[in-house]
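Reviewing the structure listed below.
Just so it is clear, none of the values below were taken in a lab; they were calculated from the coordinates. Note that this is a predicted model, so its numbers are computed, not measured. Cβ atoms come from the backbone with ideal geometry, glycine included; neighbour counts cover every protein chain shown.
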């Protein structure tokens, strides 16, 4: 009796007029499952099935379950596990983030653009398109516009405040931070086997750090004098803050979190615990004479409580600092520029790079050099030193003229 031939394996199926590659497999419980993937040609069905089987072998069934996962759903998972507050053990951070505000602000535009897209459908072209759209969308900020008008009843000038909108170009650094967050979210998806490959792997140069404009603003001593002079009255608290920032190179957060128990006026040192530093490494900074005078005056008026905040501020200083710069005619200066200024002055005073890095808390020389700016005084001193070196070491010229035959 002739044996009946076995029909060839059929890798495809037609459903509602559409072609699908078909993979049958057993799940962890031993049940037979069928996975379909849309194709355009029956001849490509075997290849599609082979690709699905490789994905199954490498990543497990979870990769199939994640095919309908949207970016918004992925973002919820990422936020609930990765964007959480810091937890400490014996004063050491063992998990989470100390600051969540910036991270949560960064994910907002990502959710608006990618939220409804399926994660596995997001391509490198989508990421490039996102970058272009963000760079071409200006930043709009509501601001107070102050106008001096004549009060007809009193005959005196009065200030009228109205709301206005100020726009500016979006900075490449802002978009880079968003793209870095997007890359981290995709890495999280790959780690959990919801995605086989991060689309950033196929992108080169989309996060262009070289295009970022680095701040190099250094406060001159004349500008400092004018700025401190206007820190009186309601702004009196700014003077000690500015002196501390300009003489220690401490970050704003480190200054505002500083408590009296961290200040040792006997040995002129401020101890910054690792829970307050950006790099999570404790360090010690010195106290200059003028900073010591400021701290001693504050200590006498704060009821001498070691647990109290040194500056006692619970709100932002942005408004007061901005108006102080305006009155002092100090243009384009931010509080963080005090750190640039302090670092530059420390080097200019003769301290070595390694010593200053220990004081400022920098761990990478490349990052440290971003904070080191060249002042006119520095260029003159370097040129003068070079003149002396040339004079002492260059050969004495022969004044006798040679005859040219």
task = Tell me the label-point distance for the pair residue 384, residue 24, using the 7 Å Cα-to-Cβ offset, in nm and rounded to one decimal.
result = 9.0 nm
task = Calculate, in nm to one decimal, what residue 209 and residue 353 gain on full extension: separation in residues at 0.36 nm each, minus their alpha carbon distance.
result = 49.4 nm
task = Give the order of 386, 238 when sorted by the count of other beta carbons within 10 angstrom, beginning with the fewest.
result = 386, 238
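Report the FRET efficiency, 1/(1 + (r/R0)^6), for residue 296 and residue 167, where r is their Cβ-Cβ distance and R0 is 56 Å, rounded to 0.05.
Details: r = 46 Å, r/R0 = 0.83.
For residue 296 and residue 167, the calculated efficiency is 0.75.
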query = Any idea how far the Cα center of region 45-100 sits from the one of region 143-185, in Å?
reply = 38 Å
task = For a footprinting-style exposure proxy, rank 127, 359 by other Cβ within 10 Å, fewest first.
result = 359, 127
request  = Before rounding to the nearest 500, sum -39500 (n - 2.57) across all DSSP H runs of length at least 4 in the chain and divide by the residue total; then give [θ] at 222 nm in deg cm²/dmol.
outcome  = -12500 deg cm²/dmol
remark   = Whole-Å distance linking the alpha carbon centroid of region 269-289 with that of region 308-339 is 21 Å
note = Taking Cα atoms only, helix 337-348 is inclined relative to the longest principal axis of the chain by an angle, in degrees rounded to 10, of 60 degrees
query = Helix 124-135 sits at what angle to the longest principal axis of the chain, using alpha carbons and giving 0 to 90 degrees rounded to 10?
reply = 30 degrees
